[in-house]
Structures are given as C-alpha cells and as structure tokens.
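Written out below as structure tokens is the structure these notes cover.
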Amino acid sequence: MRAPKRQRGLTLLELLVAFAIMAMSLGLLYRVMGGSVRSAGDIERYQRAVVLAQSLLSLRDTVPEGGWQQSGESAGYLWQIQSVPYATGLSGPNIPALHEVSISITWSEDRRPRSFDLTTLRPERKPPVQVRP
C-alpha cells in the first residue's frame, strides 16, 4: 500500500496574507502616484507665477522719477509692483539713481494662499535733456 499523496498548493491563510501584502503595496503605490500628480500641478502654477513676474518686469527697462507702483490681476494671479530708491553711495552726472523693484505674485491653491516674490534693481529714467537754441 502506498501512502496517500499530500496535496501541494496554497492554504487559505497563505492566500489571505498574500492578498493583504498586495493590497498594502497597491495602496502605497496609489498614494505615491497621487502625490506626484499634485506636485506636478503645484510646480505648473508656480512656473506660471514666475513667468508672469518676469513679464511684468520686462514692461519697463527704467523706473520713472516718482517710482513704480502698480497692481492688478491676471489669470487668477494677483500681482503688485513697488519700487523704492536704492542707495549706492555713488553720485555723478552719468551715474543713474537705482530703484529696488519688488514684484509680488499671489494665488490660492486648495484654499491655501501661495506667493512668489521677485526683487531686482532698475535704473531711474533720466529726464530728457533740453537743448537751448
């Protein structure tokens, strides 16, 4: 007489453990992928704010004598431009006065306020030279 053959295969307990591990792995994978999609959206909105700030800055090569104060809204972004005189310690007829120009861009993202600030120096526009006859 032969001994009965043992059946080979997975028990119910082994199968449940395998499914539990797979479910946890898939849950983690979905969470990582969802975070990547959100991050990509955040970066896109931030890049739009940077492009808007650079576009606003390119509006003027120089700052008027009274300074540059301006604000507005564009495509869901609120922006504000302010300038203040910048002391260099240098003076002379050929040395223009400098202004520190600050551009602030703000927007809301999932009810959270976001902002981007850009600061640079721009020369003051010289008044036109009047020629006497």
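The values are calculated or read from the model by the stated rules, or taken from the named source; none is laboratory data. This one's a predicted model, so the numbers in the text were calculated from it and none came from an experiment. Methodologically, a virtual Cβ is constructed for each residue, glycine included, from the backbone with ideal geometry; neighbour enumeration extends over all protein chains shown.
So here's what we get for this one:
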read-out	value
Sole residue being free of Cβ contacts under 8 Å to residues at least 24 places away in the same chain and of a type outside the set (Lys, Arg), chosen from Ala75, Ala87	Ala87
Residue under evaluation Tyr77, criteria (1) over 17 Å from Leu121 (Cβ atoms); (2) surrounded by fewer than 16 Cβ atoms within 10 Å (Cβ to Cβ); (3) not basic (Lys, Arg), criterion not met	(2)
Condition check for Leu56: without any contact (Cβ under 8 Å) to a residue 60 or more places away in the chain, under 23 Å from the mean Cα position of the chain (by Cα) and part of a helix (DSSP H, G or I)	yes
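Conditions tested, residue by residue: (1) modelled with pLDDT under 80; (2) exposed (fewer than 13 other Cβ atoms within 10 Å of the Cβ).
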residue: Glu44; (1), (2): no, yes
residue: Leu52; (1), (2): no, no
residue: Ser55; (1), (2): no, yes
residue: Ser83; (1), (2): no, no
residue: Pro93; (1), (2): yes, yes
